[in-house]
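The values are calculated or read from the model by the stated rules, or taken from the named source; none is laboratory data. Fair warning: this is a prediction, and the values are worked out from it, not measured in the lab. Every residue, glycine as well, gets a Cβ built from its backbone with ideal geometry; the counts of neighbours run over all protein chains shown.
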Amino acid sequence: MTQLELIINQTSVTLDVDPATSLLDVLRNEVGLASPRFGCGKEQCGACCVKIDNKLVYACTHSMAEAAGQSITTVEGLGTPENPHPLQQAVMDLNAGQCGFCLSGILVTASKLLDENPAPSRSDVMTALDDHLCRCGAHNRIIDAILRAADKR
């Protein structure tokens, strides 16, 4: 075990963990965050996506050794129940999430998209979400929610 420091959703955290442990396991099991999800463990579904220093990362395959000392943003870091991020509000307003399993990774990806491109086209959103699976088939409503959030920024 090694002490590693991270900044998770703007809060500094020091953890005693095996550096080979996946970031996803630490976020869920050590830190107690529910949003990053284990979907495949192979970078094929996007449910575990987080931002590390504003770059998208699959937390399921990213080791703690790679994440040490960096700033991590999960859905919990986007907004609060009292003050949701425009993406979170748009998803709620449009009932865009069916089961919600995929939404954490999608919202983190969408937040990065909107940071880089505040007025994306539908095609831009579809391209950004290309690596995300939604088994419920809610992609159209999710895309509409992202476009609505972009309009309200």
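For segment 58-72, check the following and say yes or no: at least one residue is of a type outside the set (Val, Ile, Thr) and closer than 24 Å to Arg148 by Cβ. So that I can check it myself, show each step before the final result.
Here is the first cut: in segment 58-72, the residues of a type outside the set (Val, Ile, Thr) are 58-60, 62-71.
Going one step further and asking which of them are closer than 24 Å to Arg148 by Cβ, we end up with none.
Checked against the condition, which is being of a type outside the set (Val, Ile, Thr) and closer than 24 Å to Arg148 by Cβ, segment 58-72 yields no hits at all.
Could you tell me whether segment 1-8 includes any residue that is assigned to a helix (DSSP H, G or I) and surrounded by 18 or more Cβ atoms within 10 Å (Cβ to Cβ)?
No, because not a single residue in segment 1-8 is assigned to a helix (DSSP H, G or I) and surrounded by 18 or more Cβ atoms within 10 Å (Cβ to Cβ).
If you check Val17 against the conditions, is it crowded, with 17+ Cβ neighbours inside 10 Å and touching a Ser or Thr at 6+ places or on another chain (Cβ under 8 Å)? Working first, answer last.
Numbers: crowded, with 17+ Cβ neighbours inside 10 Å: yes; touching a Ser or Thr at 6+ places or on another chain (Cβ under 8 Å): yes.
Yes: the conditions hold for Val17.
Check Ala59, Ala65, Ala20 and return the single one that is outside the structural domain of Val108 (by TED's automatic domain parsing) and within 28 Å of Met126 (Cβ to Cβ).
Of the residues listed, the single one that is outside the structural domain of Val108 (by TED's automatic domain parsing) and within 28 Å of Met126 (Cβ to Cβ) is Ala59.
Consider Val91 carefully, then state whether it is among the β-branched types (Val, Ile, Thr), assigned by TED's automatic domain parsing to the domain that holds Leu113, out of contact with any His (no Cβ under 6 Å at 6 or more places or on another chain) and part of a helix (DSSP H, G or I). Show your work before the answer.
On the way: among the β-branched types (Val, Ile, Thr): yes; assigned by TED's automatic domain parsing to the domain that holds Leu113: yes; out of contact with any His (no Cβ under 6 Å at 6 or more places or on another chain): yes; part of a helix (DSSP H, G or I): yes.
Yes; evaluated as a whole, the condition is true for this residue.
Looking only at residues in segment 115-142 that are part of a helix (DSSP H, G or I) and closer than 15 Å to Gly105 by Cβ, which one is modelled with the lowest pLDDT?
His139
Out of everything in segment 53-80 that is of a type in the set (A, V, I, L, M) and over 10 Å from the mean Cα position of the chain (by Cα), what residue ends up being surrounded by the fewest Cβ atoms within 10 Å (Cβ to Cβ)?
Only one residue fits best here, namely Ala65.
Looking at segment 115-127, which of its residues are closer than 15 Å to His85 by Cβ and either acidic (Asp, Glu) or buried (at least 21 other Cβ atoms within 10 Å of the Cβ) (or both)?
Going through segment 115-127, the residues closer than 15 Å to His85 by Cβ turn out to be 115, 118.
If the condition is that a residue be closer than 15 Å to His85 by Cβ and either acidic (Asp, Glu) or buried (at least 21 other Cβ atoms within 10 Å of the Cβ) (or both), then Asp115 is the only one that fits.
Please enumerate the residues belonging to segment 19-62 that are assigned to a helix (DSSP H, G or I) and free of Cβ contacts under 8 Å to residues at least 12 places away in the same chain.
Asp25, Arg28, Asn29
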